[in-house]
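The values are calculated or read from the model by the stated rules, or taken from the named source; none is laboratory data. Keep in mind that what you see is a predicted model, and the values were worked out from it rather than measured. Don't worry about glycine lacking a Cβ; one is built from the backbone with ideal geometry, like all the others, and counts go over all protein chains shown. In case anyone asks, the SASA skips ligands and DNA or RNA and just uses the protein heavy atoms, side chains included. Shrake-Rupley method; radii C 1.70, N 1.55, O 1.52, S 1.80 Å.
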Amino acid sequence: MKLFGSGHGACPGCGLPIAVKSVLEGTGPCFVANATGCLEIISSQYGKSAWGVPYIHSVFENSAAVAAGIEAALKALGRKDEGPVVVFAGDGATADIGIGCLSGMFDRGHDILYVCLDNEAYQNTGNQQSGLTPPGSNTTTTPSGKVLPGKIKPKKDMVSIALAHKAVYVATASVAYPRDITRKAKRALEFEGPKYLQIHSVCVTGWGVDGKQAIPVAKLAVETALYPLVEYENGQLVRVKKIKDRKPVEEYLKLQRRFRHLFKHPKGKEVIAELQKIADENAKKYGLDA
Amino acid sequence: MKITLGAVSRPLESLKIKTGDWGTEYPVIIEENCKGCGDCVVYCPDLCIELVEVGKDEKGKVRKVAKVNYDYCKGCGTCSVVCKHEAIKMEIKELYRG
Amino acid sequence: MMKVVRGFYAVAYSVKLCRPDVICAYPITPQSEIVENIAQMYANGELGNCEYITAESEFGAASILVGASATGARTYTATCSQGLILMSEVLWNAAGMRLPIVLTIANRSLSAPLSIWNDHQDSMAMRDAGIIQMYVENNQEVHDMMPQAFKIAENHKVMLPMMVCMDGYKLTHAYEPVDLLNQEMVDEFLPPYDPPVKMTTKDPYTFGSYATPASYMEFRAAVYNAMERSKKIIEDVYKEWAEVSGRNWGGHIVAENCEDADVCVMAMGSLVGLVREVVKELRGEGKKVGFIKIRTFRPFPAEEIAKAVDNCQKIIVFERSLSMGSDAPVTLDVKSAIHKKAIDVYSPVVGLGGRDVPHKLVKSTIEEVIENKAKPGTYFKGLKDYEEVIV
């Protein structure tokens, strides 16, 4: 049986199904807890489920806790051999509204792979900013205006938050590299305990990207070091995706409607410089430059 | 009408939703260019490309090429962009041709 | 085995005998000692294969139980007050998903102002969620109720969460003699949970689907009808319990001396004992007063109540909660139950936030009604005169 099927309702060119099928390719049959959001809406309409694995959606902010309950039940009922437990939650569900449940899941050490599908805003409801929206992004709740150049603050550092909880495996990935996602999902399951995988996923409508440009744009996020691909095992950085001839952030920004204003806004240069600084710091911190 | 306890759904019922009529374009596989690398398969967001056997190559090895299931293809064009072998081109559906 | 125990132990011990698979809770006064006792049992290895989880919040606790229950586990938690309303989003969801999670509610008031003391405002706020609610009058009753709650909630014709409500402090912290159940008897009464459908990789169903307008209404009607259906099943379980335990707590309501009563007095929870006693006294004084203990609040036993009050002219409902802007919650249902009868309903609100409800107050409140000195409607008793000023 397929673990995730065609006929789901994702927009053409959406990154989420790429992320999901790549994770499931690595995990095999598993239990999925999914937060309210794009993925849930495109895959779990009554009578039209796209899932070939046992799947549950409860509410927006509790998928980490629901997964913890599944894991506990499997343990209590002696059914742990049925498969691993995986969470799929969006960036808002992870970094904002659901961070309490996620912290509890980490803290109690549940044997769960938590996958954050990071499309950098509440895209299901129309591109409202989340804690993982990057600075300068023009969202419907942080619009650019005469004074403000879009979102002000940087992305919440979920990797550090996961590491601070002593999650056994922490990694970032991108829909630009599906085979890497599969490898990381598989690798994650070699560790017992809470695991965190954050996957950068293009939202063609929210970001204002042509469907055909989705993967090239996702690649540029990695190639500019704005989205570093890193991998921690037991708290140690073990692998990073090196970048040959790192590109300036403008190349990534100019392809997306959400950043278009930065090229004419009075504060645009400042924000672009800030983004470049973030990229430079990522490159330095993780030793990304090949 | 029949409804299930707590709105539990059966698996993979999405397969009855044919999303193939969504897009304005569709991919065409240029078989002679296709190396069967499977990149389009792993990237396809609609899980509607698979590799199928099309006989054997000069060395007698099984040759596989990409095949699109147009029932579900939304015509996003991702496959054509990620293909390194110029084996997929996008064409406008007849309905939308000027 | 008769033993003098505190209310929280009576609950914890009974829950243990029900062999739950997953227990998850977050501490909150005055519930904490229930889960503390369970935690000790877990630490002592007395809970078998049960997983006991300390959650990061009541919201998390309820969510964990949603996952566990959907996976086929028998699930339990205890909470109250702020904890219960923090759970409320998840509990509404659990009811809609038809997950038979059992809860003990150690009834406590709601903030603001913050108060840790007892009334029924917390559970009443969950009235419309699709959760079965019943209220106990003492610790033997709550001890007896836990196995019954699992049996009711997990019945395939019901499949709804169930709350067993006990008054915080008044019962949770009270020492009372309780005839403790034994494992054999509970095992015989309560079979292991047999989920009609569960999350398994062998049969990978999708739980928590969303519904469009084409089917949402049917799913909500199904919850409504399951609640209606549960009336009979609850009654059957109450009866069965009376047979196997020898303790008959009655049906949805317990009506005493109502046949010839002019005034029927109703109460729920720990106030039952006192009100019953006062009514008996008044009977002794020749007043035609009857008493009704309401056990099941959701589903509301409207027919039973209408039948019991058939001959009376006045009803007094001792309310322990409010519905701001309307009559108090129990009164609303009682009025609805008797809407074709010409009966006046008096709703004295007493004991909010742990305010003492003395014998004298109950007696004078009933006497005022008998003597036509009170007006029908919702009013406060035991309330001080107050004037609201800015600061």
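Values as computed for the structure displayed
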item: Computed [θ] at 222 nm, deg cm²/dmol, chain A (DSSP H ≥ 4; -39,500 (n - 2.57); rounded to nearest 500); result: -10000 deg cm²/dmol
item: Selection of trypsin sites (Lys or Arg not before Pro), region A:193-246, meeting DSSP coil and at most 14 other Cβ within 10 Å; result: A:K242, A:K244
item: Count of lysine pairs in region C:2-245 with Cα separation under 22 Å (8 or more residues apart, or interchain); result: 12
item: Net lengthening on full extension, C:K280/C:A221 (0.36 nm per residue, minus Cα-Cα); result: 17.0 nm
item: Set of aspartates and glutamates near A:K146 by C-alpha distance (under 16 Å), chain-local residues within fewer than 8 positions excluded; result: A:E270
item: Buried area at the A-B interface (accessible, heavy atoms, 1.4 Å probe, summed, Å²); result: 2600 Å²
item: Net dipole in debye of chain C [+1 Lys, Arg Cβ; -1 Asp, Glu Cβ; about Cα centre; nearest 20]; result: 480 debye
item: Protein accessible surface hidden between C and A, which excludes ligands and nucleic acids, total in Å², probe 1.4 Å; result: 3000 Å²
item: Cα-based equivalent ellipsoid, region C:253-380: semi-axes from gyration tensor eigenvalues, Å; result: 18, 18, 14
item: Heavy-atom accessible area, 1.4 Å probe, ligands and nucleic acids excluded: residues of region A:88-106 down by at least 30 Å² from chain alone; result: A:C101
item: Residue-normalised accessible area of region C:44-178, expressed per residue, 1.4 Å probe, Å²; result: 23 Å²
item: Net charge dipole size for region C:253-380 [Lys, Arg +1 and Asp, Glu -1 on Cβ; Debye, nearest 20]; result: 200 debye
item: Most to least accessible of C:Y135, C:Y9 (protein chains only, probe 1.4 Å); result: C:Y9, C:Y135
item: Interface residues in region B:8-24 - accessible area drops by 10 Å² or more relative to the isolated chain, probe 1.4 Å; result: B:V8, B:S9, B:R10, B:P11, B:L12, B:E13, B:S14, B:L15, B:K16, B:I17, B:T19, B:W22
item: DSSP bridge pairs, the protein assembly as shown: antiparallel proportion in percent, nearest 5; result: 35 percent
item: Gaussian network model of chain B, springs between alpha carbon atoms under 10 Å - residue of B:I49, B:I29, B:I17 with greatest fluctuation; result: B:I17
item: Relative contact order (percent, whole number), chain C, Cα cutoff 8 Å, 6+ residue spacing; result: 16 percent
item: Filter on B:K18/B:K93; A:K166/A:K277; C:K314/C:K335; A:K2/B:K16; C:K341/C:K363 - keep pairs with C-alpha separation over 18 Å; result: A:K166/A:K277; C:K341/C:K363
item: FRET E, pair C:L114, C:Y379, Förster distance 35 Å, beta-carbon r, rounded to 0.05; result: 0.85
item: Backbone HN-Hα couplings from phi across region C:43-57 [Karplus 6.51/-1.76/1.60, Hz, Gly and Pro as x]; result: 4, 7, x, 8, 9, x, 8, 4, 9, 10, 10, 8, 7, 8, 5
item: Loss of accessible area when B meets C, both sides summed, Å² nearest 100, probe 1.4 Å; result: 1100 Å²
item: Options C:A214, C:L383, C:T200, ranked by Cα towards positive dipole end of chain C, top entry (Cβ charges); result: C:A214
item: C-alpha long axis of helix C:216-245 to longest principal axis of chain C, angle in °; result: 80 degrees
item: Relative contact order, percent, region A:111-169 [alpha-carbon distance under 8 Å, six or more residues apart]; result: 23 percent
item: Pairs of Cα atoms farther than 35 Å apart, the protein assembly as shown, %; result: 53 percent
item: Mean accessible surface per residue for region B:28-93, computed with a 1.4 Å probe while every protein chain stays in place, in Å²; result: 53 Å²
item: Threshold 50 Å², region B:35-61 residues less accessible with all protein chains present than alone (1.4 Å probe); result: B:V42, B:Y43, B:P45, B:L47
item: Chain C: angle of helix C:359-370 to the longest principal axis, Cα-based, in degrees nearest 10; result: 60 degrees
item: Cβ-based net charge around B:K74, under 10 Å, with every Lys or Arg adding one and every Asp or Glu removing one; result: -3
item: Carbon plus sulfur fraction of accessible area for the protein assembly as shown, probe 1.4 Å, in percent; result: 52 percent
item: FRET efficiency, C:K3 to A:T125 (Cβ-Cβ, R0 60 Å, nearest 0.05); result: 0.60
item: Pairwise Cα inverse-distance average, inverted: Kirkwood Rh of region B:28-93 (Å); result: 12.1 Å
item: Gain upon complete extension [A:F191, A:K244; 0.36 nm per residue less C-alpha separation]; result: 16.0 nm
item: Leading residue at positive end of dipole, the protein assembly as shown (Cβ point charges), from B:G23, C:I116, A:G92; result: B:G23
item: Heavy-atom surface of chain A, accessible at 1.4 Å and reported per residue (Å²); result: 34 Å²
item: Chain A: angle of helix A:178-188 to the longest principal axis, Cα-based, in degrees nearest 10; result: 50 degrees
item: Rg(Cα)/(2.2 N^0.38 Å) for region A:20-59, N = residue count; result: 1.11
item: Neighbouring partner chain Cβ atoms per residue of A:36-46, average, 10 Å criterion; result: 4
item: Karplus-derived HN-Hα couplings along region A:140-155 (A = 6.51, B = -1.76, C = 1.60, θ = phi - 60°), whole Hz, x at Gly and Pro; result: 6, 10, 10, x, 7, x, 4, 9, 9, x, x, 4, 8, 7, x, 4
